[in-house]
Amino acid sequence: QVQLVESGGGLVQPGGSLRLSCAASVRAFTMGWFRQAPGKEREFVARIRLSGTSPDYADSVKGRFTISRDNAKNTAYLQMDSLNPEDTAVYYCAASTPAGDTFVYWGQGTQVTVSS
């Protein structure tokens, strides 16, 4: 059973920063982050492939969020800077199989709340 364990969520003031971590029990080819705000559908945030080059970002987070990964630890990170209340959501880690590019594994989610 593949497991994804997220950590790093919490409450932060507008303009602040948080760093999310996602530890996987397998070396996924692609790892990513999605988020779901109350009353909204889950949306893509960022993804990074095994090589670590050319990560993809949603337009809403470009220039503020940075995705990275440590392949030795099978862990992905999401550094979130310049947070605003619109970033409030449950953030989910996602991972593909070691050979594929489609997200098939999901974490349990971690709450990020941006509020003064």
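The values are calculated or read from the model by the stated rules, or taken from the named source; none is laboratory data. This structure is a prediction, so every number in the text was calculated from the model and none was measured. When we count neighbours, we look across all protein chains shown, and the Cβ atoms used for this are built from the backbone with ideal geometry, even at glycine. Note: areas computed on protein heavy atoms with side chains; ligands, DNA, RNA excluded. Shrake-Rupley method; radii C 1.70, N 1.55, O 1.52, S 1.80 Å.
For the chain, what % of the accessible area comes from carbon and sulfur atoms, probe 1.4 Å?
The nonpolar share, carbon plus sulfur, comes to 48 percent.
Take every Cα-Cα pair in the chain and report what % of them are more than 24 Å apart.
Beyond 24 Å sits 18 percent of the P(r) for the chain.
Leaving out ligands and nucleic acids, and using a 1.4 Å probe, what accessible area per residue does the chain come to in Å²?
51 Å²
Near the amide H of F29, under 5 Å away, which other amide H atoms are found, from residues 5 or more places off or on another chain, if H is placed in the peptide plane?
For F29, the qualifying residues are S96, T97, A99, G100.
Using the Cα centre of the chain as the reference point, and only Cβ charges (+1 on K/R, -1 on D/E), how large is the resulting charge dipole? Debye, rounded to the nearest 20.
The calculated dipole for the chain is roughly 240 debye.
Test of understanding: in a Gaussian network model of the chain with alpha carbons linked when under 10 Å, which of S54, S96, S25 would top the mean-square fluctuation ranking?
Taking springs between Cα atoms under 10 Å, the residue moving most is S54.
In percent, what relative contact order does the chain have, based on Cα pairs under 8 Å that are 6 or more apart in sequence?
37 percent
What are the ³J(HN,Hα) values, in whole Hz, obtained from phi via the Karplus relation 6.51 cos²θ - 1.76 cosθ + 1.60 with θ = phi - 60°, for each residue of region 5-10 in sequence order, with x given for Gly and Pro?
Whole-Hz 3J(HN,Hα) from phi for region 5-10: 10, 9, 7, x, x, x.
Which residue fluctuates most in the GNM of the chain (Cα springs below 10 Å): T97, T53, T66?
Per the Cα network of the chain with a 10 Å cutoff, T53 tops the list.
Apply the Karplus parameterisation 6.51 cos²θ - 1.76 cosθ + 1.60, with θ equal to phi minus 60°, to every residue of region 61-78 and state each ³J(HN,Hα) to the nearest whole Hz, in sequence, with x for glycine and proline.
So the Karplus estimates, Gly and Pro as x, are 10, 4, x, 10, 10, 9, 9, 8, 8, 10, 5, 5, 10, 6, 10, 10, 10, 10 Hz.
Using the Karplus equation 6.51 cos²θ - 1.76 cosθ + 1.60 (θ = phi - 60°), what ³J(HN,Hα) coupling, rounded to whole Hz, does each residue of region 100-116 give in order, writing x for Gly and Pro?
After applying 6.51 cos²θ - 1.76 cosθ + 1.60, I find x, 10, 9, 6, 10, 10, 9, x, 7, x, 9, 7, 10, 10, 10, 7, 8 Hz.
Could you give the distance between the Cα centres of region 1-48 and region 75-97, to the whole Å?
4 Å
What's the longest piece of the chain with no exposed trypsin sites (Lys or Arg not before Pro), counting a site as exposed if DSSP puts it in a loop and it has at most 14 other beta carbons within 10 Å?
74-116
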